[in-house]
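K.L.:
After the structure tokens below, expect a handful of questions from me.
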Amino acid sequence: MKITVFGSGYVGLVTGTCLADVGHDVLCIDVDQAKIEGLNQGVLPIYEPGLGAMLKRNHSEGRLQFSTSAERGVEHGQLQFIAVGTPPDDDGSADLRHVLAVARTIGSHMTGYKVVVDKSTVPVGTADKVRREIATALAARQTELEFDVCSNPEFLKEGAAIEDFTKAARIVIGTDSERVRGLMRECYSPYNRNRDKLMFMDLRAAELTKYAANAMLATKISFMNELAQLAERLGVDIEQVRQGIGSDPRIGYHFIYPGCGYGGSCFPKDVKALTRTALDAGHDAPLLNAVEQVNQRQKQTLFHKLQQGLGNNLRGKRIAIWGLAFKPNTDDMREAPSRSLMEALWDAGASVSVYDPEALNECHRIYGKRTDLNLAATRELAVEDADALVICTEWKAFRTLDFAWLKTQLRTPLIVDGRNLYAPQDVHRAGLAYYAVGRGDSL
Ligand code: NAD
């Protein structure tokens with residue numbers, strides 16, 4: 001099939017590349033010229049395991065192309081995927097500016113039947129807005145053409161995006177059109193062989209399903225972080241509790257790790273947007289509000305633990321930070337807990353020396369050159385002359401650590417671990433203080 005994908009970010013690139021990989025003829029469009037120029041030369045704008053090789057192979061074999069020409073994009077695909085960003089607006093609602101801009105473009109250039117497939121995460125009712133935008137653009141051209149709009153939310157995780165797309169647990173499609181069902185079935189049939197993963201539902205139900213999934217996962221995280229705060233005050237090790245409840249199949253082990261708060265481009269903005277949707281519908285959604293509040297508080301927890309370990313005045317201290325990305329296997333630092341920590345430390349007059357296997361460039365792009373930020377090339381260089389070490393991201397490479405060596409590097413023998421990576425007794429044996437999350441030490 002001929003497919004166009006608007007937006008060449010995490011979702012657009014993974015969608016376009018995976019669809020090309022099963023033989024579709026895909027054109028990816030983006031308004032960012034530098035991004036498209038880079039992609040045409042095989043330079044990826046993001047780090048995502050496995051994506052580079054797959055993208056280059058399909059590009060060189062001619063099934064995957066990149067362009068800034070929206071007109072060419074509208075001409076190319078019968079399916080027009082929208083995978084542009086939907087960042088939070090000032091009031092928490094999803095900003096639909098980019099989505100509606102693509103809809104206008106489609107309406108302005110289409111010359112035949114198109115299916116507009118909304119893959120961006122958008123509030124209930126957005127498909128109607130997209131439909132109206134296209135109809136208005138067509139009317140301005142005094143043209144009448146058939147088109148359909150459907151919702152196909154994306155559930156991939158950064159860091160495992162290819163696997164998630166190609167082996168999706170489900171493919172949700174919101175539509176009331178038989179014709180769209182047929183075309184979407186054809187589009188996904190290469191990924192739908194093992195069992196039928198296509199779940200057709202009402203359009204508005206599909207839109208809400210995406211928010212429901214993210215809000216549920218965020219709720220699990222905030223619930224565990226709430227309990228970690230309590231466990232700390234009760235002198236209970238939350239890790240024992242985690243295992244105790246995870247073993248119940250009704251609860252399960254996924255997404256119940258206590259930590260330094262959730263980040264990324266999705267959970268924070270989607271919880272806020274769903275809260276806003278609820279408010280607009282006349283419901284104040286107390287649970288969603290609490291999920292967000294708990295997370296905000298949890299993101300401050302590492303800073304408070306440093307104050308407990310080093311004294312309230314952190315001016316002049318140098319803090320080593322391992323892990324900047326909001327989670328492992330990505331370079332994405334949007335709303336990452338590391339950012340809350342760095343910014344709090346800078347406000348307090350401290351400096352940071354940071355290491356991340358993939359996100360150093362992103363850190364430099366966000367914060368630029370500053371004297372209180374040292375981008376270290378290795379984890380060893382990051383701890384040189386540091387007062388204490390903080391772990392913000394659970395990269396695999398951090399899971400083992402020579403504690404005796406670390407003690408010789410730090411001015412104060414203190415690890416603040418936002419991801420509960422180590423056994424407290426191992427750290428203590430080496431003579432270091434260990435402040436993890438919900439494990440008692442820092443109180
Ligand atoms: P992103 O910021 O990485 O990429 C968006 C891209 O769209 C950018 O390259 C931008 O230049 C481009 N763009 C903006 N306006 C455009 C236009 N008019 N025409 C063409 N391109 C345009 O965003 P992302 O992380 O890929 O997220 C996209 C959507 O998917 C969001 O709604 C997000 O909530 C949702 N989503 C994201 C993830 C994730 O893990 N990142 C997972 C599931 C769903």
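No lab work stands behind these numbers, since they all come straight from the coordinates. The shown structure was predicted, so the numbers you read here are calculated from the model rather than taken from an experiment. Quick reminder, even Gly has a Cβ in these numbers, built from the backbone with ideal geometry, and neighbours come from all protein chains shown.
K.L.:
Can you give me the C-alpha center-to-center distance between the stretch 1-70 and the stretch 238-291, rounded to a whole angstrom?
P.N.:
Answer, in whole Å: 32.
K.L.:
So what is the calculated 222 nm ellipticity per residue for the chain, using -39500 (n - 2.57) for each DSSP H run with n of 4 or more, over all residues, to the nearest 500 deg cm²/dmol? All intermediate terms of the calculation are to be shown ahead of the outcome.
P.N.:
On the way: 18 runs with 198 residues, N = 443.
Result for the chain, helices only: -13500 deg cm²/dmol.
K.L.:
What distance in nm separates the simple spin-label points at Asn40 and Glu75, each placed 7 Å from Cα in the Cβ direction?
P.N.:
1.5 nm
K.L.:
Further question: Over the stretch 2-210, what number does the Rg to Rh ratio reach, with both radii from the alpha-carbon atoms and Rh per Kirkwood?
P.N.:
The Rg/Rh ratio comes out at 0.94.
K.L.:
Let me ask you something else. Select from Ile173, Thr371, Gln142 the residue farthest towards the positive end of the dipole of the chain; place +1 on Cβ of Lys and Arg, -1 on Cβ of Asp and Glu, and compute about the Cα centre.
P.N.:
Thr371
K.L.:
Provide, as a two-decimal number, the C-alpha radius of gyration of the chain over 2.2 N^0.38 Å, N being how many residues it has.
P.N.:
1.06
K.L.:
Can you sort Met333, Met1, Met184, Met216 by how many other beta carbons sit within 10 Å, fewest first?
P.N.:
Going from least to most buried by this count: Met216, Met1, Met184, Met333.
K.L.:
May I have the extent of the alpha carbons of the stretch 186-293 along their three principal axes, as whole Å values ordered from largest to smallest?
P.N.:
Sorted largest first, the three principal extents are 56, 40, 24 Å.
K.L.:
As an exercise, identify the GluC sites (Glu not before Pro) in the stretch 357-443 lying in DSSP coil whose Cβ has no more than 14 other Cβ atoms within 10 Å.
P.N.:
Glu384
K.L.:
Sticking with this structure for a sec: Among the listed pairs Lys119/Lys167; Lys157/Lys210; Lys56/Lys327; Lys35/Lys269; Lys167/Lys210, which are separated by more than 20 Å between their Cα atoms?
P.N.:
Exceeds cut-off: Lys56/Lys327; Lys35/Lys269.
K.L.:
Among bridges DSSP assigns within the chain, what percent are antiparallel (round to 5)? All intermediate terms of the calculation are to be shown ahead of the outcome.
P.N.:
Details: 2 of 46 bridges.
Among the beta bridges of the chain, antiparallel pairing accounts for roughly 5 percent.
K.L.:
Separation between the Asp32 and Thr408 pseudo-spin-labels, each 7 Å from Cα along Cα→Cβ, expressed in nm?
P.N.:
About 4.3 nm, to one decimal.
K.L.:
Loop-only check: which GluC sites (Glu not before Pro) in the stretch 1-97 are DSSP coil with at most 15 other Cβ within 10 angstrom?
P.N.:
Filter output for the stretch 1-97: Glu61.
K.L.:
What FRET efficiency do you get for Asp25 and Ala212 if R0 is 45 Å and r is their Cβ-Cβ distance, rounded to the nearest 0.05?
P.N.:
Details: r = 34 Å, r/R0 = 0.75.
Calculated transfer efficiency: 0.85.
K.L.:
Modelling each spin label as a point 7 Å along the Cα-to-Cβ direction, I'd like the Arg181/Asn313 distance in nm, to one decimal.
P.N.:
7.2 nm
K.L.:
Let me ask another. Please identify every one of the chymotrypsin sites (Phe, Trp or Tyr not before Pro) in the stretch 214-298 that sits in a loop by DSSP and has no more than 16 other beta carbons within 10 Å of its own beta carbon.
P.N.:
Sparse-neighbourhood loop chymotrypsin sites (Phe, Trp or Tyr not before Pro): Tyr253, Phe255.
K.L.:
Continuing with the same structure: Given a Förster radius of 30 Å and the C-beta distance between His254 and Gln300 as r, what FRET efficiency does 1/(1 + (r/R0)^6) yield to the nearest 0.05?
P.N.:
Efficiency for this residue pair is about 0.70.
K.L.:
Rounded, prolate or oblate: pick one for the stretch 1-116, where a ≥ b ≥ c are the square roots of the eigenvalues of its C-alpha gyration tensor, a/c under 1.5 means rounded, and failing that, prolate if a/b is larger than b/c, else oblate.
P.N.:
Judged from the Cα gyration tensor, the stretch 1-116 comes out oblate (a/c at least 1.5, b/c at or above a/b).
K.L.:
Same structure, new question: Any chance you could check the Cα centroid distance between the stretch 71-109 and the stretch 176-233 for me, in angstrom?
P.N.:
Rounded to whole Å, the Cα centres lie 21 Å apart.
K.L.:
Take every DSSP beta bridge with both residues inside the stretch 2-210 and express the antiparallel ones as a percent of the total, to the nearest 5.
P.N.:
Numbers: 2 of 28 bridges.
Rounded to the nearest five, the antiparallel share is 5 percent.
K.L.:
Among Thr408, Thr277, Thr371, determine the one that fluctuates most according to a GNM of the chain built with springs between C-alpha atoms less than 10 Å apart.
P.N.:
Answer for the Gaussian network model of the chain: Thr371.
K.L.:
Arrange the peptides 79-90, 239-250 so that the one whose residues have, on average, the most other Cβ atoms within 10 Å appears first.
P.N.:
So the order, starting with the most tightly packed, is 79-90, 239-250.
K.L.:
Please say if the stretch 127-172 is rounded, prolate or oblate, where rounded means a/c under 1.5 for a ≥ b ≥ c the square roots of the C-alpha gyration tensor eigenvalues, and otherwise the choice is prolate for a/b larger than b/c and oblate otherwise? Don't skip to the answer; put the middle values down first.
P.N.:
Details: a/c = 3.97, a/b = 3.50, b/c = 1.13.
It is prolate, given that a/c is not under 1.5 and a/b is the larger ratio.
K.L.:
Applying 1/(1 + (r/R0)^6) with R0 = 30 Å to the Cβ-Cβ distance of Arg57 and His364, what FRET efficiency is obtained, to the nearest 0.05? Mind dumping the intermediate values first?
P.N.:
Details: r = 30 Å, r/R0 = 1.00.
That gives a FRET efficiency of 0.50.
K.L.:
Express in whole angstrom the spacing between the alpha-carbon centres of the stretch 324-399 and the stretch 158-175.
P.N.:
Rounded to whole Å, the Cα centres lie 30 Å apart.
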